[in-house]
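> Provided herewith is a single structure, encoded as C-alpha cells, for subsequent inquiry.
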Amino acid sequence: MNPPKIQRPFYQSVSLETGLRWNYSAEIQFTEKMDGKRHEHVIGKSIIVGELMRDERFFAFDLPIYNGVDIRLQPRRERLAILDTFKLLRPEASANGGELLQRVLARGGEGVCAALWDSPFMETILRCKRVETHDAIVMEKSGRQSVRIVSDGVDRGWVPAFGGMADRLNIGDVVEIACQKIHVSGKFREARILRVRTDKMN
C-alpha cells in the first residue's frame, strides 16, 4: 500500500529587500531554501518531506507523519525535534534571517524560508529568493509562443513559451515562473518559465 501524498504548505514570496531586513527572532525559524525537487522520504511508517537535490542528496524539512501518526497539527518545534532523531541532512538554520540570507546568497544559494516555531504543518511559510519566482498553473495555450497562467488564484496573463516549450506543456501543468516583480495589475513583469514542476502536480 502506497503512503498518502502530503499536501504542501502555502509559500508566500517576499522581496529581497524585505528578506535582508529580517532580524533576530526567537519566534521564527529561518532556514536555507534549497534548489531541488520536492520529495517525500519514507522511513518505516514515517513520512519526511524535503528537497531532493540534483546530486541525489536529500535535505529533510519537516515531519508530517511519524510512525504512522499524523502530527501535522503539532507545533513546528515539536515536529522538528522528532525529525532530528532521524539524523538526516538538514538545511542551514538560524534565528537571524537577514544574516542567514546574506550568507546563502554569498555562496550562490537560492534564498531563505521563514516559519513560526509554533505553527502547524500547513501554516503559510514566507520565502525570500535571489530571483522572485512563483508557481503557476497553465490555463490556456496560444500556438507555440505563449501560455496563459494563474498563480495564487490570480490570472497573471500570458507569458512567453519559446523554444518549443508550449508544445511540451499541457493545460493544468504547474510551472515555475521567474519575474522582476508583480505589477499593480497583477501581471508578472518580464516573466519567463524556468521549469515544469512535476513534483507539484497531483
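> Considering only residues that are touching a Phe, Trp or Tyr at 6+ places or on another chain (Cβ under 9 Å) and either assigned to a loop (DSSP other than H, G, I, E, B) or among the small types (Gly, Ala, Ser) (or both), which ones fall in the range 60-91?
Within the range 60-91, 60, 71, 72, 73, 74, 75, 88, 89, 90, 91 meet the criteria.
> Identify, from the list 123, 99, the residue that is touching a residue at least 24 places away in the same chain (Cβ under 8 Å), of a type in the set (D, E, K, R) and open to solvent by 20 Å² or more (accessible area, probe 1.4 Å).
Criteria check complete, one pass: 123.
> Does the range 153-182 hold any residues that are at pLDDT below 85 and within 22 Å of the chain's Cα centre (by Cα), and which are they?
178, 179, 180, 181, 182
The values are calculated or read from the model by the stated rules, or taken from the named source; none is laboratory data. Predicted, not measured: the structure shown is a model, and the values here were computed from it. When we count neighbours, we look across all protein chains shown, and the Cβ atoms used for this are built from the backbone with ideal geometry, even at glycine. Heavy atoms of the whole protein, side chains included, go into the accessibility calculation; ligands, DNA and RNA do not. Shrake-Rupley method; radii C 1.70, N 1.55, O 1.52, S 1.80 Å.
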